[in-house]
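To start, the structure under review is shown below, and the notes come after it.
Bear in mind these aren't lab numbers, they're just calculated from the coordinates by the rules spelled out. Note that the structure is a prediction, hence the values are computed from the model and not measured. FYI the Cβ positions are ideal-geometry reconstructions off the backbone, even for glycines, and counts take in every protein chain you see.
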Amino acid sequence: MKRIMKDTIKNLRFNIRNMDMILFLAVLIFAAFGLVVVFSSSNITAVSFYHVEPTFFFKKQLMFTIGGIIAMLALTTIIPERWYFPTSVLGIGVLILMFIAMKAMGAINDSQSWYSIGSSAIQPSEFAKPVIIMFLAGWYHYFKKYDKFWKTFIPVGVVAILCIFIAKEPDLGTAGVIAIITMLIYFTLPAKSVYLSTLRYLAILGAIIGIIVLYVMQPYFINRENTSRQESRLAFTQPCSRSLAKTGYQVCNAYIAINNGGLFGRGFGQSTQKFLYLPEAYTDFVFPIVVEEIGVIGASAVLVAYLLLLFRILMIARHATCLQDSIIAFGTFAYLLTHIIINLMGVLAITPMTGIPLPFLSYGGSFLLNMFILLGMTLRVSINNKKNRKKEVL
């Protein structure tokens, strides 16, 4: 027993020394900055709308941040990689059962997307993202030759089933993010096969058709007097011309927050739009509050930090020595990049607002926890890369 403990501690120390410390420190800095942003953007809503203490949302975010960092370190140093694929298969089964059971649950924000646990809510669709990345990584690692139809398309069917369940909640934004991440992973697979090529061409064609339909149908949703919550999100251009309607109010107030910030901002905690002008500003509309408080220059620095973080993850994926590691790291890259682009484009009314959170800065426990899980697996890949480089030297 003592020998097992000694070996475990030795392995733990080795992994910590050999992980990508730049990525690890960047994650910790982003997490700390995110906590500051959540407190600043949520304290007024907590007191004025929910009638709780100003630190209510901050404390919940802090709890999930600590839990996420612990999970990240466990995945980086303790949990064996051979568990990833079996765990993902089990996770897919559990998620499908949860989606089925959720239909009997009540709706939150007109959507059956959450399980209420005490004062918190768990969103199963967020857990589908790392589960799918692990599943694809494991599947295509073991089936390196895609010379059979089933080898290529079974994972597509699994992803499609999960996306259908998520879209039926309805949560089209999360379903779309999963589809994009999956498509990006398929484009990085190294093999050349007729089935994989067909899948890639179909993905490109589907994306082009989807964009065309989105912009052609958009005026139809603007002109409709009565639209559902999901349909109204498709009316995304010229938001301030619809500032009194659901389709424009939130984005128009985001514009006002960005304009208020100017170059240098009003200072931390000095936003005016968070005084219930911008509803739930601490969630997917947190970036305008960041601009209002630290200005365009400060917000630009945040975007540059995002780019550096993404570049570091991409380099880890590029130097991975096995396909499973490569897909996990690249899947994490695609996960973060997709969230950043979709969130910012929605806030600026370039695309519909889909409720997709901004990494580290938006409030949300399920999203934060799953992001740390993926980052932990990516740090594990960086450790494997360093181990293999040392073996090559020897």
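Brief remarks follow.
- Extension gain for the segment residue 307 to residue 47, taken as residue separation times 0.36 nm less the Cα-Cα distance, is 90.1 nm to one decimal.
- Straightening the chain between residue 55 and residue 21 buys 9.1 nm, computed as 0.36 nm per residue apart minus the Cα-Cα spacing.
- Our coupling estimate for the stretch 55-61, obtained by passing each phi through the Karplus curve with A = 6.51, B = -1.76, C = 1.60 and θ = phi - 60°, is 8, 4, 6, 4, 5, 5, 5 Hz, Gly and Pro reported as x.
- Per-residue 3J(HN,Hα) values for the stretch 381-386, derived from phi via the Karplus relation 6.51 cos²θ - 1.76 cosθ + 1.60 with θ = phi - 60°, read 4, 5, 5, 4, 4, 5 Hz in sequence order (x marks Gly and Pro).
- The modelled label-to-label distance for the pair residue 344/residue 94, using points 7 Å beyond Cα in the direction of Cβ, is 3.4 nm.
- Once the C-beta distance of residue 153 and residue 82 is scaled by a Förster radius of 30 Å, the resulting FRET efficiency is 0.75 to the nearest 0.05.
- Of the chymotrypsin sites (Phe, Trp or Tyr not before Pro) in the stretch 24-77, the ones in a loop by DSSP (not H, G, I, E or B) with at most 12 other beta carbons within 10 Å are 49, 50.
- Full extension of the chain between residue 263 and residue 200 gives 18.4 nm of extra length, using 0.36 nm per residue less the Cα-Cα distance.
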